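Colleague: Attaching a single structure in structure tokens format; questions to follow.
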Amino acid sequence: QVSRMPQHPMDGDQDVASPFGLPDITEQALLEAIEQDQFTMVYQPKIACRDNSVVGFEALVRWQHPEGGLIRPDHFIPLAESLDMIDPLTDVVIEQSLGWVATMQYLPSLSLAINLSAKTLVNHEFADRLAARCLEKSVKPGRITLEMTETAAMEDSVMALELLTRLRMKGFHVAIDDFGTGYSSMVQLARLPFSELKVDKSFVMTAASSEEARTIIHSTVELGHSLGLDVVAEGVEDGNALAFLKTIGCDYAQGYYIARPMPTHHVTGWLNARQA
Ligand code: C2E
Ligand code: CA
Ligand code: CA
Ligand code: CA
């Protein structure tokens, strides 16, 4: 084994999976990682396009692997799903994120988004357990948005309707993530009780250079609004994209141009610097 330069696990949240290749990820490795607290969260701000104010954060999981370095979720979430380990991992994510929101009670207007796996659709206790965790931590469900990808929701729209309805009844918000990458039937989409639509970053990242992308974003914003949804654009990487989103009336924006996902100890400093 080659030795590595020590570095703070999340500073800058650079796109490094591991310079030495990824370690083998097994069920055992995931279990150990949970036991040894190797999963941590970073939080990416979401702003209102109207006035640039910060409205909330999205929680994104990272695996600080003892040999593999910092591993991005795309490398282990699909494995956790196929190894039937996603429920315990989601528990860790929820525990840490709610714990953090609980410490932010002095900023009661900020919301938190948590990503859900498609596998959570078949977890019938999920909504009740999440509500119980919120109660324990004195976090109002109205501050929490659960994000589910368009593909997950469409794969089993009957189960999606059931889970989303339960979540809405408890006061949570639900967002449709990665919108535009799947094959939604408009009828099914309109029947699901989403409160928010997230335009996939593949369109937003190319908004500045591609007229086609701008057309897709513009019609998605109109579609979302006509269904009564708030629209979020993710993947805002430059000022031109943000300016375009403002002109078409997109509600919220997220992206590296605004801020990269950051560890909790950077959040207060970042918020203060924005206000200054
Ligand atoms: P996502 O939910 O679509 O999250 C957005 C991803 O885009 C994040 O990658 C984020 O770091 C990245 N991103 C944000 N702004 C920009 C930008 O301006 N440009 C570009 N190129 N990328 C940007 P990340 O953190 O690697 O997460 C990847 C995916 O892994 C997420 O996509 C989500 O589907 C999944 N994921 C992350 N955290 C969790 C989790 O706690 N639970 C579950 N089930 N899935 C998670
Ligand atoms: Ca998301
Ligand atoms: Ca997304
Ligand atoms: Ca995604």
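Colleague: Need the failing condition index for Val187 against (1) touching a residue at least 24 places away in the same chain (Cβ under 8 Å); (2) closer than 26 Å to Leu164 by Cα, just the number.
Modeller: (1)
Colleague: Go through (1) among the charged types (D, E, K, R); (2) over 19 Å from Leu197 (Cβ atoms); (3) within 16 Å of ligand 3 (Cβ to nearest atom) one by one and return the number of the condition Asp156 breaks.
Modeller: The failed condition is (3).
Colleague: Just one of Ser111, Ser53 is over 21 Å from Leu31 (Cα atoms) and free of Cβ contacts under 8 Å to residues at least 12 places away in the same chain; which is it?
Modeller: Within the list Ser111, Ser53, the selection yields Ser53.
Colleague: Okay, moving on. Among the residues of the stretch 245-276, count how many are touching a helix residue (DSSP H, G or I) at 6+ places or on another chain (Cβ under 6 Å) and part of a helix (DSSP H, G or I).
Modeller: 1
Colleague: Just to confirm my filter: which strands (runs of 3 or more DSSP E) fall fully inside the stretch 37-87 and include at least 2 residues that are of a type in the set (S, T, N, Q)?
Modeller: 39-48
Colleague: Within the stretch 140-151, work out how many residues are within 12 Å of ligand 1 (Cβ to nearest atom), in contact with a Gly (Cβ under 9 Å, 6 or more places away or on another chain) and of a type outside the set (Asp, Glu).
Modeller: Number of matching residues: 3.
Each value in this text was obtained by applying a stated rule to the coordinates, not by laboratory testing. Since this is a predicted model, take the numbers as computed values, not measurements. When we count neighbours, we look across all protein chains shown, and the Cβ atoms used for this are built from the backbone with ideal geometry, even at glycine.
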